[in-house]
Amino acid sequence: MKSGWANAPLKETTVYNGWRTVLICIKTVGKREAFFRKLVRCLGVLIVLSVAACDSGYSSERQEQPSVKPVAVRRAPPDMGSQAPDFQLIDLQGNWQALPDYRGKVVLLNFWATWCGPCRVEMPSMERVYQDLKDEGFAILAISSDPQGSIVTRPFVASQGLTFPILHDSDYQVSGSYGVRTLPMSFLIDRNGTLIQRVFGARDWNSGEARELIRGLLRES
C-alpha cells in the first residue's frame, strides 16, 4: 500500500537560513526515487549555504584597544608606614592626576561619593582647611566612586564651592587598591609618599586637632 504523501503534488516551499532565502521549487514527482534524489540535493544546498553564513564573531580588522592608564591594585589594604599605592585618575577638567605628582606635599586622600551623607557633611570642613594650608604644601585629592562620574560630581562641587581636585574612580580600582570598604575613608600621606594615618568615617577636618595633625606633617620636611 502506497503512502499518500509520497505521491501527492508538492507545493513551492520557502526555506530561510538566516541571511539567505532559498526558494525550492519541487514540481510533481511521479516516482518516489526521483523525489528522494531531488530532496537530497536540496538539503545539500541548504547545508552549504548555512555553513557559509556562520559568523565566527571575530572581525578580520585589527581591534583597537582603548588606552588604559595603569593603576595599582591590591587585594589587601596597604599598611601604615608603607608607600601609598600610585594611581592616575581623571579630574573634573578631564586631566589626568597622578599621586606621584604630589610628592613633596602632605596629601589628604579622601574616598567619597555624592550619595554618601557623611561624605557630604565633611566636605565643607575639608575646603576650609585646604584654603588655609594649601600654600604651606597641603593638598587634598577627593576620589569619587560615583558610577555616573562628573555628571553627578560637577553639580555637587559647584553647589559646595569646592576648589580642591575631584577625581573619578567609577570602576573602583583605586578604591580597591586602598582597601576601601566603607565611605568616607581618608588617608594622610606625608611629603615622602608614606601612608601615615587611615581615618574611617566623617571628620571635622577644620578642627584644632585635625589642623595640628596636618601641621605636624607639614613641619616634617
Packing rank of 166-173, 76-83, where each peptide gets the mean count of other beta carbons within 10 Å, highest leading: 166-173, 76-83
In sequence order, calculated HN-Hα J values of region 160-168 (Karplus, 6.51, -1.76, 1.60; Hz; x Gly/Pro): 9, x, 7, 10, 7, x, 10, 10, 10
Mean Cβ neighbour count within 10 Å, used as a protection proxy, ranking 140-153, 123-136, 206-219 highest first: 140-153, 123-136, 206-219
Gained length - Gln83 relative to Ala158, 0.36 nm times residue gap less alpha-carbon distance: 23.7 nm
Cβ-derived FRET efficiency at R0 25 Å, Ile151 paired with Asp101, nearest 0.05: 0.45
Relative packing of 182-191, 98-107, which averages over residues the other C-beta atoms within 10 Å, highest first: 182-191, 98-107
Separation of the Ser125 and Gln173 label points, Cα + 7 Å toward Cβ, nm: 3.3 nm
Neighbourhood charge, 15 Å Cβ-Cβ cut-off, centred on Gly81 and excluding it, Lys, Arg +1 and Asp, Glu -1: -1
Region 75-177: antiparallel DSSP beta bridges as a percent of all, rounded to 5: 35 percent
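Values in this text are rule-based calculations from the coordinates and carry no lab data. Being a predicted model, the structure only gives us computed values, none of them experimental. Don't worry about glycine lacking a Cβ; one is built from the backbone with ideal geometry, like all the others, and counts go over all protein chains shown.
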